[in-house]
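Working notes, beginning with the structure itself.
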Amino acid sequence: MRFFMAPYYKGRVRFENPFLLPPGKESGRTVTRPKFSRRSFIAALVFVTLLLFACRPVAATGPSLTIGAGPDPGRQLLAELAAQLLAGQGLTTVVHHGIPDADLGLRLADGTIDLCFTETAPPPRLPADDAELVRLPALPFATGQALLMRQRQAQALGIQTISDLATLLTEQPRLPLRFAAADSRHLAQIAHHYGLQPALAGQSLPTIDLIYRQLKNGHVDVGIGRASDGRIIAFRLAILTDDKLALAAGHTAPLARADTLRQHPEIATQLARLNKMMDLNTLQRLTAGILIGHRQPGDMAREWLETSARR
């Protein structure tokens, strides 16, 4: 066994196997190996540990704020804008995306989130005792349901409002306009408010994404979408003014815990600032970057805030 395994001594090695000799060494020659004591090993370990500790990222020390966001890209963008504005005030902000709209109020009530953006119509589902939740001022423009047409077609027919469309359909009942909605009850609401008899008949398409594609491709002439959707700009669509308020064209408003607002009064200040900075066209352009350009809401928010700060 000694022939195959070189015996080790502290600081010195005796090479006995000629096949294990380093190049240029003769059999039986003793060479010196540098000593490595336990003290040196411990010192090196302490040095590496201190080096890693010194180079670690510095964690934010400000108070933490959790913002909830539903599936709508426009409200996801607003949540990211609010998070970055509040981060500039020293708060540590986290945005949780993908919370169902119906659950946002309940998540606020149980303290899972501190702030969210919801539609004023229909209002979010809230617990029976919602005294500890505060709705802050909404955006100064409607972001909810809207009746859409292609811009070129609406201009050719002289249509700007839903009343214009209703008048045209009354005068020309056989006009071949194709309607679509994710929920056919919305078309019934329009027919009821605008005196269209019989009620509007149209396709019931499963998703709003399909409605936008059908409008773009000309397979549908009139469809119900969302006013804040960036595809309105990208696909050159027009919003018909709902002059009789048939649709739930709600506004987007922040909803927050009362104790959070008491602890951080800067939240209300920054959200009021966001309301002044934002308009419908800007919101549509930014959501187009998310829906068409496949950008992340946080990246779009940061770039827009940086651009706005340079103006």
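For Leu81, the stated conditions do not hold, so it cannot be described as at pLDDT 95 or above, in a helix (DSSP H, G or I), over 12 Å from the mean Cα position of the chain (by Cα) and surrounded by 13 or more Cβ atoms within 10 Å (Cβ to Cβ). For Ile233, the criteria (1) assigned by TED's automatic domain parsing to the domain that holds Phe117; (2) free of Cβ contacts under 8 Å to residues at least 60 places away in the same chain hold in every case but one, which is (1). The single condition among (1) of a type in the set (Gly, Ala, Ser); (2) closer than 30 Å to Ala258 by Cβ; (3) out of contact with any strand residue (DSSP E or B) (no Cβ under 9 Å at 6 or more places or on another chain) that Ala138 does not satisfy is (3). How many residues are surrounded by 16 or more Cβ atoms within 10 Å (Cβ to Cβ) and modelled with pLDDT under 85 when one looks only at segment 185-203? Going through segment 185-203 one residue at a time, the tally reaches 4. Return yes or no: is Gly250 at pLDDT 95 or above and touching a Pro at 6+ places or on another chain (Cβ under 8 Å)? So Gly250 fails the test. Any residue at all in segment 239-256 that's free of Cβ contacts under 8 Å to residues at least 60 places away in the same chain and in a loop (DSSP other than H, G, I, E, B)? Yes - at least one qualifying residue is present in segment 239-256.
Yes/no matrix, rows are residues, columns are (1) in contact with a helix residue (DSSP H, G or I) (Cβ under 7 Å, 6 or more places away or on another chain); (2) under 20 Å from Lys216 (Cα atoms):
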| position | (1), (2) |
| --- | --- |
| Gln155 | no, yes |
| Ser163 | no, no |
| Leu168 | yes, no |
| Glu171 | no, no |
| Arg174 | no, no |
| Ala181 | yes, yes |
| His186 | no, no |
| Ala191 | no, no |
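The values are calculated or read from the model by the stated rules, or taken from the named source; none is laboratory data. Note that the structure is predicted; figures quoted are calculated from it, not measured. No Cβ is skipped: glycine too gets one built from the backbone with ideal geometry, and neighbour counts run over all protein chains shown.
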